[in-house]
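Trainee: First the structure, then my questions, so here it is.
The values are calculated or read from the model by the stated rules, or taken from the named source; none is laboratory data. Note that the structure is a prediction, hence the values are computed from the model and not measured. Here the Cβ is made from the backbone with ideal geometry for all residues, glycine too, and neighbour counts use every protein chain on show.
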Amino acid sequence: MSLPDLASPDRYLFGFEGDTAVLLDMDRDAYRRSIFLDDRISAAQAQPAFAAVADLVAPSPAPVAGWIFHVAHCGSTLLARALDRPHGGLVLREPLALRHLAAEAANAAAGDAGWRARLHLVTALLARRYAGAPATIIKANVPVNFVLPALMTANPAAPAIVLYFPLADYLAAVLRSEGHRNWVRRVTTELAPAIAVLAGPLPASDAERAASLWLAQLRGFATALSHFRNVYSLDAERLFMTPTPVISAAAALFDQALPDAEAAAIASGPLFNTYAKNPAAAFDNAARLARRAATAKTLAPEIGAARGWVEARLSQYPLPPRLDRPLPGTLARDLLA
């Protein structure tokens, strides 16, 4: 069997089945319409191909990609889609293979040579770009935050955004429904060993588990900001309230040519008036603010208890009052606000 040609992004490494790689055919349109590159992917051809992982060779030297790291439910899909333009670089949203490797690392696989080789393979293939296109941007997801040091150490000058909410807004976002709470329970259980390193053992309640996940991620973000000069922080509220300058600043960080008029058109267009994860659903900033106000009122006792839990842990697991290096033109709020 001939080896797959991996020079082009058109052959996408979707995931692994043991020692076998699952490959999908993609093209530029397929990447853009795939809001997520997990099981919801919309490939150019649905029939996968398979190859032995040992036979796959990453491009060398690997291209440098930009990164969007985020705490979830904070507008990361909105930001990534705002940067995803037909004439721009690829924007890859939540690739499944990367998530799987990060989840493995949270449970002590990161020191394994085989794991490190797969991480290099996946990131090198994700960073590929079409001829003449600017750098690819990769929007990760929550498990990937716990391998952020490994990803940035491989390319210390890579541009990256760490997107977050201060504690109260985060809790309102991730506890607002039973479905969201189920997500909190699942992801904190999955990542418990990695969370424990940064925030201590998991507590029992939904709100405190969410707070422990938040604390672990924000401590990781703070460390990245202190170690890597091209990592910038972004309070998600700035994206929602002043999208035009945020889009412009993010595009500039990722070296994407984006005229001010185009940034303004994106901010006032359909993307910011529909739900980023489901373009068929109407949703805008006014609806978000109304939902947040109602949720914050309902959740006030839990949010207060979770804040107390975080404050009690800060002596052992310290966190700065604010994140450093906000994206140009934005400000950082107090993290415990």
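Trainee: Just to be sure I understand, how many residues within region 317-332 are buried (at least 18 other Cβ atoms within 10 Å of the Cβ) and either over 18 Å from VAL231 (Cβ atoms) or without any contact (Cβ under 8 Å) to a residue 12 or more places away in the chain (or both)?
Mentor: Result for region 317-332: 0.
Trainee: Shifting gears a bit: Across region 89-102, what is the number of residues that are outside any helix (DSSP H, G or I) and either polar (S, T, N, Q) or in contact with a helix residue (DSSP H, G or I) (Cβ under 8 Å, 6 or more places away or on another chain) (or both)?
Mentor: Within region 89-102, the subset outside any helix (DSSP H, G or I) is 89-95.
Applying the additional criterion that residues be either polar (S, T, N, Q) or in contact with a helix residue (DSSP H, G or I) (Cβ under 8 Å, 6 or more places away or on another chain) (or both) yields 90-93, 95.
Summing the residues that are outside any helix (DSSP H, G or I) and either polar (S, T, N, Q) or in contact with a helix residue (DSSP H, G or I) (Cβ under 8 Å, 6 or more places away or on another chain) (or both) in region 89-102 gives 5.
Trainee: Among the listed residues LEU253, LEU218, LEU191, identify the single one that is touching a strand residue (DSSP E or B) at 6+ places or on another chain (Cβ under 7 Å) and either at pLDDT below 95 or over 17 Å from ARG307 (Cβ atoms) (or both).
Mentor: The conditions single out LEU253.
Trainee: Would you confirm whether or not region 70-87 contains a residue that is in contact with a Pro (Cβ under 6 Å, 6 or more places away or on another chain), touching a residue at least 24 places away in the same chain (Cβ under 8 Å) and among the hydrophobic types (A, V, I, L, M, F, W, C)?
Mentor: The answer is no; no qualifying residue exists.
Trainee: Can you name every one of the strands (runs of 3 or more DSSP E) wholly within region 1-75 that holds 3 or more residues which are over 30 Å from SER233 (Cα atoms) and modelled with pLDDT under 95?
Mentor: 45-52
Trainee: If you scan region 169-182, which residues turn out to be in contact (Cβ under 8 Å) with a residue 12 or more places away in the chain and surrounded by fewer than 20 Cβ atoms within 10 Å (Cβ to Cβ)?
Mentor: Within region 169-182, ARG176, HIS180, ARG181 meet the criteria.
Trainee: Hey, another quick one. When residues of region 265-316 are filtered for being in contact with a helix residue (DSSP H, G or I) (Cβ under 6 Å, 6 or more places away or on another chain), surrounded by fewer than 17 Cβ atoms within 10 Å (Cβ to Cβ) and assigned to a loop (DSSP other than H, G, I, E, B), how many remain?
Mentor: Total meeting the criteria: 2.
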